[in-house]
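A quick write-up on the structure given underneath.
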Amino acid sequence: MKVKTLTFSVFALFFTNQAFAQQATEAKIYQNYPLGMNMLQFSYGRQSTNSTIDGDITLPNKDVDIDATIMYLRYATFFNFFNKTAGIQVVLPYVDINANFFGTKANNSGLGDMIFVIGSNIIGGKPMAFGEYLQTPKETVFAWSLATTAPTGSFSSEKLLNPSGNRWQFKPELAVSIPVSKFDIEVYAAAKFFTTNNKLPSTVLGQPASSVSQKPFYSLTFHSVYNINDKIWVSFDAAGRTGGETKKNGIAQNDSQTVLGLGGSMNYSPSVHHKIGVSFITNAAGDENSPNGSIYALKYSYVFGGGIDKTLQELKDKK
């Protein structure tokens, strides 16, 4: 019986391909994973755009450039939830922002908003221990997740640049992942909802902070993943979204967005415990209110628990 190699991704819904301009959840997130598996991941990303750090509010002016370095630490674990494979994760980001506003340079850095994610399979991908997982072929999975962004990061109404959005965000998502020969075809549909930020910094010196509310975004994400071998896979990624009109002090800004992002990603797993990934996405098309720019990210993941070492040793002893 052929034993497959475990690939390690989790329900990543923030500072990977998600928060940068297109809000796209990365590839292979919704495939099944063994019970008891844990993951620690570190990511380093660079974003160049004209929007807020979370990519949701655009500053539609050619004289505005925002460059950000975004790093995060993520912990994820998988467990049995009513006979379905489920996962939770916590993401802690750190942001360093450099901007040019009409020829004036500014900088700010600090902790970003924490992300809490829960999700589970709905159809397919039964809960399995690591040993059974290794010997079970992939199957179609239909799953859900809910990402909650809490306003825990650094924020000041006296600063134009802020690592935090100073508002709650909620993103429910449905996804299907279909294995076809050496490919995985994946489609995700999501909505993103926001609470009001009552301390939006004023761009005019001496004026008080404003309030900003925002209508939901609705998005579709597509991944065509090609599994080169048991250690390497590559993916073509596309993500589109629409909506997100804002109101400032109750006045509609007529800034609803429609945007399409295109990119790619690659992952290499030198061993069962380690994974290295790179990704890139850029604005390929959009209206005048859509964010511009691009993002690239480098990620390292360490996987442990779930009886991985014990199972691998038992398989080795049987040979």
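Miscellaneous remarks
- Screening the stretch 83-95 for residues that are under 18 Å from the mean Cα position of the chain (by Cα) and not small (Gly, Ala, Ser) and picking the one that is surrounded by the most Cβ atoms within 10 Å (Cβ to Cβ) gives Val91.
- The residues of the stretch 22-53 that are hydrophobic (A, V, I, L, M, F, W, C), within 17 Å of the chain's Cα centre (by Cα) and at pLDDT 90 or above, listed by number, are Met39, Leu40, Phe42.
- Scanning the stretch 54-71 for residues that are modelled with pLDDT of 60 or more and part of a loop (DSSP other than H, G, I, E, B) yields a count of 3.
- One residue from Asp255, Asp237 being farther than 22 Å from Ser177 by Cα and among the acidic types (Asp, Glu): Asp255
- Lone unmet requirement of (1) more than 26 Å from Ala284 (Cβ to Cβ); (2) in contact (Cβ under 8 Å) with a residue 60 or more places away in the chain; (3) not in a strand (DSSP E or B) for Gly165: (1)
- Any pair with Cβ under 7 angstrom, 6 or more apart, that starts in the stretch 261-279 at a residue that is surrounded by 13 or more Cβ atoms within 10 Å (Cβ to Cβ) and ends at one that is outside any strand (DSSP E or B) and among the hydrophobic types (A, V, I, L, M, F, W, C): Gly261/Ala21; Gly261/Ala24; Ser265/Ala27; Ser269/Phe8; Val272/Leu6; Val272/Ile308; Val272/Leu312; Lys275/Phe8
- Hey, Ala238 touching a residue at least 12 places away in the same chain (Cβ under 8 Å) and surrounded by fewer than 17 Cβ atoms within 10 Å (Cβ to Cβ) or not: no
The values are calculated or read from the model by the stated rules, or taken from the named source; none is laboratory data. Computed from a predicted model, the values in this text were never measured in an experiment. A quick note on method: Cβ atoms are made from the backbone with ideal geometry, for glycine too, and the neighbour counts reach across all protein chains shown.
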